[in-house]
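Everything on this sheet refers to the single structure shown next.
The values are calculated or read from the model by the stated rules, or taken from the named source; none is laboratory data. The shown structure was predicted, so the numbers you read here are calculated from the model rather than taken from an experiment. Cβ placement follows ideal geometry from the backbone for every residue including glycine, while neighbour counts extend to all protein chains displayed. Ligands, DNA and RNA are stripped out before the accessible areas are found, and what is left, the full protein with its side chains, is counted by its heavy atoms. Shrake-Rupley method; radii C 1.70, N 1.55, O 1.52, S 1.80 Å.
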Amino acid sequence: MPVTIDLGGRVVLLTGALGSLGRAQARRLAEAGASLILHDHPSKADPSFARELADRYDTPCAFVAFDLGDLARSKDEAAALSDAHGGIDILINNAALIENRLFAETTIEQYEEQLRVNAAAAFALAQGVAPGMRTKGGGRIINFCSITLNGRWTGYAPYVMSKAALHGLTKALARELGPDNIRVNAIAPGAVVSDAEARVFGDRAEEYASWVLDNQCLKRRIEPHHIADAILFLASDLSEMVSGTMLDVTAGW
(Lines give C-alpha, C1' and ligand atoms only; values in the text may rest on other atoms or scores of the structure.)
Protein backbone atom coordinates (compact mmCIF):
# COMPACT_ATOMS: atom_id res chain seq x y z
CA MET A 1 0.00 0.00 0.00
CA PRO A 2 1.48 3.39 -0.94
CA VAL A 3 2.30 5.76 1.90
CA THR A 4 0.41 9.05 1.77
CA ILE A 5 1.86 12.06 3.56
CA ASP A 6 -0.86 14.30 4.94
CA LEU A 7 0.15 17.70 6.31
CA GLY A 8 -3.40 19.00 6.48
CA GLY A 9 -3.78 21.56 9.26
CA ARG A 10 -0.02 22.08 9.56
CA VAL A 11 1.26 25.63 9.12
CA VAL A 12 4.61 25.95 7.32
CA LEU A 13 6.89 28.98 7.17
CA LEU A 14 9.27 28.54 4.22
CA THR A 15 12.01 31.12 3.62
CA GLY A 16 13.48 31.84 0.21
CA ALA A 17 10.33 30.41 -1.32
CA LEU A 18 10.62 31.94 -4.79
CA GLY A 19 13.89 30.31 -5.81
CA SER A 20 14.11 26.96 -7.61
CA LEU A 21 14.40 24.88 -4.44
CA GLY A 22 11.82 26.95 -2.58
CA ARG A 23 9.21 26.59 -5.30
CA ALA A 24 9.71 22.83 -5.50
CA GLN A 25 9.30 22.51 -1.73
CA ALA A 26 6.23 24.73 -1.72
CA ARG A 27 4.56 22.57 -4.35
CA ARG A 28 5.28 19.34 -2.49
CA LEU A 29 4.02 20.79 0.80
CA ALA A 30 0.90 22.19 -0.84
CA GLU A 31 0.21 18.80 -2.44
CA ALA A 32 0.34 17.32 1.07
CA GLY A 33 -2.26 19.84 2.26
CA ALA A 34 -0.08 22.14 4.35
CA SER A 35 -1.03 25.76 4.97
CA LEU A 36 1.86 27.78 3.59
CA ILE A 37 3.50 31.07 4.49
CA LEU A 38 5.97 31.74 1.69
CA HIS A 39 8.74 34.22 2.41
CA ASP A 40 11.26 36.00 0.24
CA HIS A 41 13.27 39.21 0.14
CA PRO A 42 11.34 42.46 -0.52
CA SER A 43 13.22 42.88 -3.81
CA LYS A 44 11.52 39.70 -5.03
CA ALA A 45 8.09 40.44 -3.58
CA ASP A 46 5.55 38.71 -5.82
CA PRO A 47 2.44 37.05 -4.35
CA SER A 48 1.43 35.40 -7.63
CA PHE A 49 3.11 32.06 -6.84
CA ALA A 50 1.27 31.89 -3.51
CA ARG A 51 -2.03 32.56 -5.28
CA GLU A 52 -1.21 29.90 -7.87
CA LEU A 53 -0.62 27.26 -5.18
CA ALA A 54 -3.73 28.24 -3.24
CA ASP A 55 -5.88 27.90 -6.36
CA ARG A 56 -4.31 24.69 -7.62
CA TYR A 57 -4.17 22.78 -4.34
CA ASP A 58 -7.06 24.42 -2.49
CA THR A 59 -4.92 25.12 0.57
CA PRO A 60 -4.20 28.41 2.37
CA CYS A 61 -1.09 30.07 1.00
CA ALA A 62 0.18 33.55 1.86
CA PHE A 63 3.26 35.52 0.84
CA VAL A 64 5.38 37.69 3.14
CA ALA A 65 8.49 39.74 2.41
CA PHE A 66 11.18 40.90 4.82
CA ASP A 67 14.97 41.08 4.88
CA LEU A 68 16.52 38.18 6.78
CA GLY A 69 19.63 40.29 7.24
CA ASP A 70 17.67 42.32 9.79
CA LEU A 71 17.77 39.78 12.59
CA ALA A 72 15.60 41.63 15.12
CA ARG A 73 12.88 42.19 12.54
CA SER A 74 13.11 38.57 11.37
CA LYS A 75 12.46 37.34 14.90
CA ASP A 76 9.56 39.77 15.34
CA GLU A 77 8.03 38.87 11.97
CA ALA A 78 8.22 35.16 12.77
CA ALA A 79 6.62 35.69 16.18
CA ALA A 80 3.84 37.80 14.65
CA LEU A 81 3.16 35.19 11.98
CA SER A 82 3.06 32.52 14.67
CA ASP A 83 0.52 34.51 16.66
CA ALA A 84 -1.59 35.25 13.59
CA HIS A 85 -1.76 31.60 12.50
CA GLY A 86 -2.15 29.96 15.88
CA GLY A 87 1.45 28.76 15.84
CA ILE A 88 3.91 27.67 13.14
CA ASP A 89 4.18 23.89 12.96
CA ILE A 90 7.11 23.68 10.54
CA LEU A 91 9.89 26.21 9.94
CA ILE A 92 12.07 25.59 6.89
CA ASN A 93 15.20 27.77 6.74
CA ASN A 94 15.78 27.44 3.02
CA ALA A 95 16.90 30.98 2.11
CA ALA A 96 20.59 31.59 1.47
CA LEU A 97 23.06 33.90 -0.21
CA ILE A 98 25.86 32.33 -2.24
CA GLU A 99 28.68 34.06 -4.10
CA ASN A 100 31.73 32.65 -5.85
CA ARG A 101 34.58 34.85 -4.63
CA LEU A 102 38.02 33.90 -3.38
CA PHE A 103 38.77 34.32 0.31
CA ALA A 104 41.35 37.05 -0.33
CA GLU A 105 38.85 39.04 -2.41
CA THR A 106 35.93 38.81 0.03
CA THR A 107 35.17 41.89 2.10
CA ILE A 108 34.23 41.70 5.75
CA GLU A 109 30.84 43.18 4.83
CA GLN A 110 30.20 40.39 2.30
CA TYR A 111 31.27 37.79 4.86
CA GLU A 112 28.98 39.22 7.54
CA GLU A 113 26.00 39.46 5.21
CA GLN A 114 26.19 35.78 4.27
CA LEU A 115 26.51 34.70 7.88
CA ARG A 116 23.53 36.86 8.89
CA VAL A 117 21.21 35.66 6.14
CA ASN A 118 22.35 32.04 5.91
CA ALA A 119 22.83 31.20 9.59
CA ALA A 120 21.98 33.90 12.13
CA ALA A 121 18.53 34.42 10.59
CA ALA A 122 17.71 30.78 11.26
CA PHE A 123 18.49 31.38 14.94
CA ALA A 124 16.28 34.48 14.98
CA LEU A 125 13.37 32.79 13.21
CA ALA A 126 13.58 29.78 15.50
CA GLN A 127 13.36 32.10 18.50
CA GLY A 128 10.28 33.66 16.95
CA VAL A 129 8.38 30.42 16.32
CA ALA A 130 9.53 28.15 19.17
CA PRO A 131 7.12 29.54 21.81
CA GLY A 132 4.15 28.81 19.55
CA MET A 133 5.46 25.32 18.79
CA ARG A 134 5.83 24.70 22.50
CA THR A 135 2.24 25.80 23.12
CA LYS A 136 0.98 23.50 20.34
CA GLY A 137 2.85 20.53 21.81
CA GLY A 138 5.62 20.28 19.23
CA GLY A 139 6.97 21.31 15.88
CA ARG A 140 9.68 20.88 13.29
CA ILE A 141 12.59 23.07 12.29
CA ILE A 142 14.51 22.15 9.15
CA ASN A 143 17.78 23.89 8.29
CA PHE A 144 19.61 23.87 4.98
CA CYS A 145 23.27 22.87 5.16
CA SER A 146 25.32 21.98 2.08
CA ILE A 147 27.52 19.47 0.34
CA THR A 148 30.17 22.19 0.26
CA LEU A 149 31.06 21.17 3.82
CA ASN A 150 33.04 18.34 2.23
CA GLY A 151 35.70 20.85 1.19
CA ARG A 152 35.64 20.20 -2.56
CA TRP A 153 34.63 23.73 -3.59
CA THR A 154 36.87 26.82 -3.87
CA GLY A 155 35.72 30.40 -3.49
CA TYR A 156 32.84 30.00 -1.05
CA ALA A 157 34.43 30.48 2.38
CA PRO A 158 31.63 32.61 3.97
CA TYR A 159 28.94 30.35 2.50
CA VAL A 160 30.60 27.16 3.74
CA MET A 161 31.18 28.72 7.15
CA SER A 162 27.52 29.72 7.39
CA LYS A 163 26.39 26.20 6.54
CA ALA A 164 28.72 24.73 9.14
CA ALA A 165 27.16 27.10 11.67
CA LEU A 166 23.71 25.81 10.70
CA HIS A 167 24.88 22.25 11.28
CA GLY A 168 25.98 23.22 14.78
CA LEU A 169 22.72 25.09 15.40
CA THR A 170 20.76 22.02 14.32
CA LYS A 171 22.56 19.85 16.88
CA ALA A 172 22.22 22.43 19.66
CA LEU A 173 18.54 23.19 19.12
CA ALA A 174 17.63 19.52 18.74
CA ARG A 175 19.00 18.96 22.25
CA GLU A 176 17.49 22.08 23.80
CA LEU A 177 14.05 21.91 22.18
CA GLY A 178 13.63 18.14 22.19
CA PRO A 179 11.87 18.07 25.58
CA ASP A 180 9.17 20.26 24.00
CA ASN A 181 8.70 17.73 21.18
CA ILE A 182 10.30 20.10 18.69
CA ARG A 183 12.38 18.16 16.18
CA VAL A 184 15.31 19.98 14.57
CA ASN A 185 17.04 18.51 11.52
CA ALA A 186 19.12 19.65 8.60
CA ILE A 187 19.33 18.69 4.97
CA ALA A 188 22.55 18.89 2.96
CA PRO A 189 21.73 19.15 -0.74
CA GLY A 190 24.32 18.21 -3.29
CA ALA A 191 24.89 20.09 -6.53
CA VAL A 192 21.33 20.88 -7.56
CA VAL A 193 20.30 22.17 -10.97
CA SER A 194 18.87 25.55 -9.98
CA ASP A 195 18.62 29.27 -10.63
CA ALA A 196 21.51 29.82 -8.21
CA GLU A 197 23.75 27.37 -10.05
CA ALA A 198 23.02 29.05 -13.39
CA ARG A 199 23.75 32.47 -11.89
CA VAL A 200 27.00 31.46 -10.18
CA PHE A 201 28.53 29.39 -12.99
CA GLY A 202 27.12 31.17 -16.04
CA ASP A 203 29.11 30.22 -19.15
CA ARG A 204 30.97 27.55 -17.15
CA ALA A 205 27.74 25.61 -16.49
CA GLU A 206 28.51 22.74 -18.88
CA GLU A 207 32.02 22.25 -17.51
CA TYR A 208 30.68 22.39 -13.94
CA ALA A 209 27.94 19.83 -14.66
CA SER A 210 30.54 17.44 -16.07
CA TRP A 211 32.70 17.85 -12.96
CA VAL A 212 29.70 17.18 -10.72
CA LEU A 213 28.78 13.96 -12.51
CA ASP A 214 32.39 12.77 -12.41
CA ASN A 215 32.31 13.08 -8.60
CA GLN A 216 28.82 11.75 -7.87
CA CYS A 217 28.14 8.05 -7.38
CA LEU A 218 24.85 8.41 -9.24
CA LYS A 219 25.42 9.72 -12.75
CA ARG A 220 22.48 12.07 -13.13
CA ARG A 221 21.88 15.56 -11.84
CA ILE A 222 19.96 16.35 -8.69
CA GLU A 223 16.80 18.34 -9.40
CA PRO A 224 14.89 20.59 -6.98
CA HIS A 225 12.11 18.03 -6.58
CA HIS A 226 14.61 15.53 -5.12
CA ILE A 227 15.32 18.00 -2.32
CA ALA A 228 11.61 18.71 -1.87
CA ASP A 229 10.92 15.00 -1.39
CA ALA A 230 13.48 14.84 1.43
CA ILE A 231 11.99 17.96 3.04
CA LEU A 232 8.55 16.36 2.91
CA PHE A 233 9.92 13.35 4.78
CA LEU A 234 11.48 15.50 7.53
CA ALA A 235 8.29 17.58 7.80
CA SER A 236 6.03 14.54 8.13
CA ASP A 237 5.27 12.03 10.86
CA LEU A 238 7.33 9.44 8.96
CA SER A 239 10.38 11.03 10.61
CA GLU A 240 8.84 11.40 14.07
CA MET A 241 11.90 9.93 15.84
CA VAL A 242 14.49 11.75 13.73
CA SER A 243 16.13 14.79 15.32
CA GLY A 244 19.59 16.36 15.41
CA THR A 245 20.37 14.75 12.07
CA MET A 246 21.79 16.08 8.79
CA LEU A 247 20.30 14.23 5.83
CA ASP A 248 22.58 14.20 2.77
CA VAL A 249 20.86 14.33 -0.61
CA THR A 250 23.99 14.42 -2.72
CA ALA A 251 23.71 11.50 -5.18
CA GLY A 252 26.75 10.13 -3.32
CA TRP A 253 30.19 11.76 -3.11
Review point. Using a 1.4 Å probe on the protein chains only, how many percent of the accessible area of the range 24-107 belongs to carbon and sulfur?
Key: 49
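Sort SER82, SER35 from largest to smallest accessible area, using a 1.4 Å probe on the heavy atoms of the protein chains. Walk me through the intermediate numbers first.
Numbers: SER82 5, SER35 25 Å².
If we order SER82, SER35 from most to least accessible, we get SER35, SER82.
For the chain, with only Lys/Arg (+1) and Asp/Glu (-1) charged at the beta-carbon, what is the dipole magnitude about the Cα centre, in debye rounded to 20? Intermediate results must be reported in sequence, preceding the final value.
On the way: 24 positive and 31 negative charges, 100 e Å.
Computed about the Cα centre, the dipole is about 480 debye.
Compute the FRET efficiency between ASP76 and SER43 as 1/(1 + (r/R0)^6), taking r as their Cβ-Cβ distance and R0 = 22 Å, and round to the nearest 0.05.
Efficiency, from the Cβ-Cβ distance: 0.65.
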Exercise for review: Of the options ALA62, ALA164, GLY252, report the single residue whose Cα projects farthest towards the positive end of the charge dipole of the chain (beta-carbon charges: Lys, Arg +1; Asp, Glu -1).
Suggested key: GLY252
Check your understanding: How much of the accessible area of the range 147-211, probe 1.4 Å, is carbon plus sulfur, in whole percent?
Key -> 52
Revision key, fill the gap. Result: in the chain the number of Lys pairs with C-alpha under 27 Å apart, spaced 8 or more or on different chains, is 8
Review point. By how many nm would the segment from ALA164 to ASP55 lengthen if fully extended, with 0.36 nm per residue of separation less the alpha-carbon distance?
Key: 35.4 nm
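Please compute the length gained on full extension between LYS219 and VAL200, using 0.36 nm multiplied by the number of residues separating them and subtracting their Cα-Cα distance. Please list the in-between numbers first.
Details: separation 19, 0.36 × 19 = 6.84 nm, distance 2.19 nm.
Additional length available on full extension: 4.6 nm.
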Practice item. Determine the principal axes of the Cα atoms in the range 12-69, then give the extent along each, sorted from largest to smallest and rounded to whole angstroms. Key: 31, 17, 17
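Send over a whole-number figure in Å² for the accessible area per residue of the range 1-71, probe 1.4 Å.
Numbers: 3260 Å² over 71 residues.
Heavy-atom accessible area per residue stands at 46 Å².
Could you please put ARG152, ARG220, ARG23 in sequence from largest to smallest accessible area, using a 1.4 Å probe? Walk me through the numbers before you get to the answer.
Numbers: ARG152 115, ARG220 155, ARG23 75 Å².
Accessible-area ranking of ARG152, ARG220, ARG23, largest first: ARG220, ARG152, ARG23.
In square angstrom, what is the accessible area per residue of the range 109-172 with a 1.4 angstrom probe? List each step's numbers first, then the result.
On the way: 2480 Å² over 64 residues.
Accessible area per residue: 39 Å².
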Practice item. Inverting the mean 1/r over all pairs of different Cα atoms, compute the Kirkwood radius of the chain and quote it in Å. Key: 18.4
**Study point:** Separation of alpha-carbon centers, the range 1-33 and the range 164-212, rounded to whole Å
**Key:** 17
